[in-house]
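Report on the following structure.
The values are calculated or read from the model by the stated rules, or taken from the named source; none is laboratory data. Fair warning: this is a prediction, and the values are worked out from it, not measured in the lab. We place every Cβ from the backbone using ideal geometry, glycine too, and count neighbours over all the protein chains shown. The area values use the complete protein model at the heavy-atom level, side chains included, leaving out ligands, DNA and RNA. Shrake-Rupley method; radii C 1.70, N 1.55, O 1.52, S 1.80 Å.
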Amino acid sequence: MLALAQHVWSGGETHYNSLIGAVLITVVLYLIHVGVNAVVKLPHRAFSLSFAPSLILLGVLSSATLQPDNSVSFVFSAVVACILLTFVAVAMKLLSDYAPCESKLHGGTSVVSLVAWYNYGLLATLFFVTFCMGNNDRYLHSTLRMEHSIMDGHYDSALDVASTDGNASMTMLRAYALSRQNELGERLFEYPVSGGSHALLPSRSTHTMLMPDSLFWRNIGGYPRAEVKDVRHFLRVLQKKNMARPSVDDYMLTACLLDKDLKGFAREIVKVYDFRTQQEKDEELTNIIKKRKKLARLIGEQEANDSIPMPKAVSPSGVKMKSPDELPKHYREALVLYTHLFSQRELVYANSATETDYKEFQKLMRSKRKTQAEHDNALKTAYFGTYWWYYFK
């Protein structure tokens with residue numbers, strides 16, 4: 001929350017350093033405690049109350065609330081802090097008046113005395129108040145931790161954060177981290193995902209708080225002139241203008257999967273992976289040679305070769321087409337599902353191991369449980385992390 005507040009207040013010009021920030025905050029808060037302790041003479045059994053102003057201030061510092069306009073506000077916590085400090089000031093005044101009359105308790109001031117236990121209890125109460133004042137939005141904290149890890153280049157750490165959360169912004173961050181590791185087609189559906197293809201790139205519904213959007217645009221090769229409303233259309237534009245980076249191929253295929261558009265996925269995957277048999281490649285080469293020879297009689301051999309170039313086995317993003325043997329897990333799962341769902345197909349794909357897994361998935365899908373909730377839980381337990389579970393959930 002401190003990092004978010006500093007980022008907003010500095011307009012993104014400065015970056016919060018957790019070590020320096022922790023040291024400075026601790027020193028300042030301790031000095032406040034020392035000052036309070038010097039001004040107010042509290043009885044031994046209430047000594048911990050001198051930490052109250054410091055801990056209340058710490059609660060305010062960690063209570064930043066994100067506003068709809070992406071600003072941060074401390075107004076509510078500041079009002080609460082003023083009320084609490086008023087009560088603390090009154091309590092300190094009453095206790096300081098009582099201090100000269102304090103009787104000695106059994107055990108003196110040792111760490112296990114009754115006096116010490118009074119202070120431990122009071123300090124624990126103050127810590128609890130600090131905790132309650134802080135911003136405890138789980139999704140916000142998880143998102144901020146992911147952004148911190150990504151900006152530091154720790155992609156695995158970002159993927160390990162809050163793996164049970166699945167809002168659209170987290171989906172975008174996970175997709176980016178996996179893309180940087182070339183594992184987008186292998187692992188994305190191992191995490192909760194939501195938002196469809198719109199969740200892949202920054203928009204009004206998927207935005208970051210610390211990371212600049214430029215990181216996402218540089219990863220795919222181009223900046224939009226306006227908000228991207230159709231992710232796949234924008235990716236095609238990058239490919240047509242030869243601006244697309246290699247990551248765009250996986251972004252395009254993943255966008256189809258997120259939209260559950262298996263026909264579109266099949267049309268796109270044949271542009272990235274070469275499913276042709278060796279016989280088909282040889283036949284294509286033979287046809288090109290025949291066409292060249294026929295044209296060469298009219299315009300010359302060199303001109304014919306220039307007019308009918310050899311096909312380049314590259315994807316729309318300019319990357320050499322891959323072998324189907326290199327298909328990542330989610331692409332294999334999607335192709336097996338596509339083969340089973342549609343009779344008229346762009347391609348025929350077979351993978352014995354994946355096919356066996358899918359048949360087991362179908363058996364569990366058709367199995368009966370006492371309630372629908374039990375059936376869904378059994379299916380999720382066995383197959384969460386596969387594209388099939390995402391497609392049918």
**Study point:** Candidate residues 139, 358, 383: accessible-area rank, largest first, probe 1.4 Å
**Key:** 139, 383, 358
Exercise for review: Please work out the Cα center distance from the range 324-357 to the range 211-260, rounded to the nearest Å.
Suggested key: 25
Practice item. Take each of the peptides 313-321, 223-231, average the number of other beta-carbon atoms within 10 Å over its residues, and list them starting from the highest. Key: 313-321, 223-231
**Study point:** Unit charges on C-beta of K, R, D, E only; dipole of the chain, Debye
**Key:** 880
Check your understanding: What is the gain in length, in nm to one decimal, between residue 113 and residue 89 on full extension, counting 0.36 nm per residue of separation less the C-alpha to C-alpha distance?
Key -> 6.0 nm
Review point. So for the pair residue 223, residue 374, with labels modelled 7 Å out along Cα→Cβ, what separation do we get in nm?
Key: 5.8
Point to revise | C-alpha long axis of helix 352-366 to longest principal axis of the chain, angle in ° | key: 60
Revision key, fill the gap. Magnitude of the Cβ-charge dipole (Lys and Arg +1, Asp and Glu -1) of the range 192-291 about the Cα centre, nearest 20 debye, reported as 360
Exercise for review: Would you list which lysines come within 23 Å of residue 380, measuring only between C-alpha atoms, while excluding same-chain residues fewer than 8 positions from it?
Suggested key: 260, 329, 359, 363, 368, 370, 393
Point to revise | Against the rule of thumb 2.2 N^0.38 Å, how large the Cα Rg of the range 143-278 comes out | key: 1.02
**Study point:** Sulfur and carbon atoms: percent of accessible area, the chain [1.4 Å]
**Key:** 58
Check your understanding: Roughly speaking, what is the stretch gain from residue 305 to residue 382, that is 0.36 nm per residue apart minus the C-alpha to C-alpha distance, in nm to one decimal?
Key -> 22.1 nm
Point to revise | If the convex hull is drawn through the Cα atoms of the chain, its volume per residue in Å³ | key: 212
Practice item. Please list, in chain and number order, the residues 5+ apart from residue 273 or on another chain whose amide H is under 5 Å from its amide H, with Hs placed from the backbone. Key: 322
Exercise for review: Excluding residues fewer than 8 places away in the same chain, name every one of the lysines whose C-alpha is closer than 22 Å to that of residue 281.
Suggested key: 271, 290, 291, 293, 294, 312, 320, 322
Review point. Quick one: length gained pulling residue 19 to residue 243 fully straight, 0.36 nm per residue minus the C-alpha distance?
Key: 76.6 nm
Practice item. Return the long-range amide H neighbours of residue 314 (sequence gap of 5 or more, or a different chain), with a cut-off of under 5 Å between placed amide H atoms. Key: 321
**Study point:** Highest-fluctuation residue, 241, 271, 291 considered, GNM on the chain with Cα pairs under 10 Å
**Key:** 291
Practice item. Return the calculated 222 nm mean residue ellipticity for the chain, to the nearest 500 deg cm²/dmol, obtained by summing -39500 (n - 2.57) across DSSP H runs with n ≥ 4 and dividing by the residue count. Key: -18500 deg cm²/dmol
Point to revise | Per-residue HN-Hα couplings for the range 312-319 [Karplus 6.51, -1.76, 1.60; θ = phi - 60°; Hz; x = Gly/Pro] | key: 9, 7, 10, 7, x, 8, x, 9
Exercise for review: Could you compute the FRET efficiency for residue 73 and residue 348, with r as their C-beta to C-beta distance and R0 at 51 Å, rounded to 0.05?
Suggested key: 0.30
Check your understanding: Let a ≥ b ≥ c be the square roots of the eigenvalues of the Cα gyration tensor of the range 311-393; is it rounded (a/c under 1.5), or, if not, prolate (a/b larger than b/c) or oblate?
Key -> prolate
**Study point:** Cα→Cβ-extended label distance, 7 Å offset, between residue 10 and residue 287, nm
**Key:** 6.1
Review point. Could you give the radius of gyration (one decimal) and Dmax (whole number) of the Cα atoms in the range 1-42, in Å?
Key: 14.5, 44
Practice item. Could you grab the relative contact order for the range 167-209? Cα pairs under 8 Å, six or more apart, rounded to a whole percent. Key: 55
Practice item. Determine which lysines satisfy two conditions relative to residue 93: a Cα distance under 25 Å, and not lying fewer than 8 residues away in the same chain. Key: 41, 104
Point to revise | Paired Rg and Dmax values of the range 120-187, which use every Cα atom, in angstrom | key: 16.1, 53
Practice item. May I ask you to rank 151, 146, 243 by accessible area, largest first, using a 1.4 Å probe over the protein chains only? Key: 243, 151, 146
Check your understanding: Any idea of residue 127's accessible area? Nearest 10 Å², probe 1.4 Å.
Key -> 110
Study note, to complete from the structure: Note on the chain: contact order normalised by length, alpha-carbon pairs under 8 Å, 6 or more apart, percent, works out to 12
Practice item. Return one number: the angle in degrees, 0 to 90 and rounded to the nearest 10, between the long axis of the Cα atoms of helix 75-98 and the longest principal axis of the Cα atoms of the chain. Key: 20
